Amino acid sequence: MKIYLRFRLAVFVISLSSTCVAPVLAQVCPKEYSLPNLENAHEEYPPTQRVASVRSDRDLTLAWALPAEFTEIEPFIGKEYQLAEHEGLDFIHSNPLIAQVPVRSVADGTVVYIRRDCPQSGSFAPNSLQRDCGGDWGNHIVIRHPNGLFTRYAHLYPDSIQVKVGQKIIRGQELGYMGNSGRSDTRHLHFELGVAIKIKPCAPAQSFHYVYNPAIYLQWANLQ
């Protein structure tokens, strides 16, 4: 009986030790995904997003603002109900005399995802560092808006993100700076508008369930 009791006690102590140590040894994500060793890390590629019809009964009464100043725009490319060729709008700022270009929220909302550890090699030539970081989006932020829409702000400048997951955001609030991280060829903001079933803050970069053409859906004049 004594041997049995000692055995049970030993099992309990080992079990308790494992319970206490495991969270310390495991990669912890309080609210934000990160990879500790980017050089040897494998990035998961989210699937290409499908285009939804801009005819929608979703509430458009939110006040929408442009997310950044720009010198030119690359348009959204995609046909309804098919996979998008270019899933958002690219707001490009090619003036090297402007050191940093702020990126701002287009509407009120809540931050639901952040990726902030992607490097970049420079601002005005194709990025040569970890181009697949953040699922090709590089440093990026996803915001959920009150009407169920989501926006993504991608290729942000390293260490420039100023918000946290769970934070409430107001329209026009500065999120970070325009950059060239991820699969990017020059300084720009890749902006997406879409709908997601759920965005997990501790998972690798995730696609929206489907995307809209922001220029049409948000009725931004002269951006189509």
Whole-percent carbon and sulfur contribution to the accessible surface of the stretch 85-166 (1.4 Å, no ligands, DNA or RNA) stands at 51 percent
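Rounded, prolate or oblate: which fits the stretch 87-144, taking a ≥ b ≥ c as square roots of the Cα gyration tensor eigenvalues, rounded meaning a/c under 1.5, else prolate when a/b beats b/c? Write down the numbers at each step before the final one.
On the way: a/c = 2.09, a/b = 1.25, b/c = 1.67.
It is oblate, given that a/c is not under 1.5 and a/b is not larger than b/c.
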Once label points are set 7 Å from the Cα along Cα→Cβ at both residue 162 and residue 45, what is their separation, rounded to one decimal in nm? 3.5 nm
Sequence-distant aspartates and glutamates (8 or more away, or on other chains) whose Cα lies within less than 16 Å of residue 168: 32, 108
Rolling a 1.4 Å sphere over the protein heavy atoms, what is the accessible area per residue of the stretch 41-190, to the nearest Å²? 45 Å²
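Between residue 74 and residue 128, what FRET efficiency comes out of the Förster formula 1/(1 + (r/R0)^6) with R0 = 22 Å and r the beta carbon distance, rounded to 0.05? Walk me through the numbers before you get to the answer.
Numbers: r = 21 Å, r/R0 = 0.94.
My answer for the efficiency is 0.60.
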In nanometres, what is the gap between the two model label sites at residue 100 and residue 54, each 7 Å from Cα along Cα-to-Cβ? 3.4 nm
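For the stretch 105-222, with only Lys/Arg (+1) and Asp/Glu (-1) charged at the beta-carbon, what is the dipole magnitude about the Cα centre, in debye rounded to 20? Don't skip to the end; give the middle numbers.
Working: 12 positive and 8 negative charges, 60 e Å.
That gives a dipole near 280 debye.
The values are calculated or read from the model by the stated rules, or taken from the named source; none is laboratory data. Bear in mind that the values here come from a model prediction, so they are computed numbers and not experimental data. Backbone-built Cβ (ideal geometry, glycine too); neighbour counts: all protein chains shown. Ligands, DNA and RNA are excluded from the accessible area calculation, which covers all protein heavy atoms including side chains. Shrake-Rupley method; radii C 1.70, N 1.55, O 1.52, S 1.80 Å.
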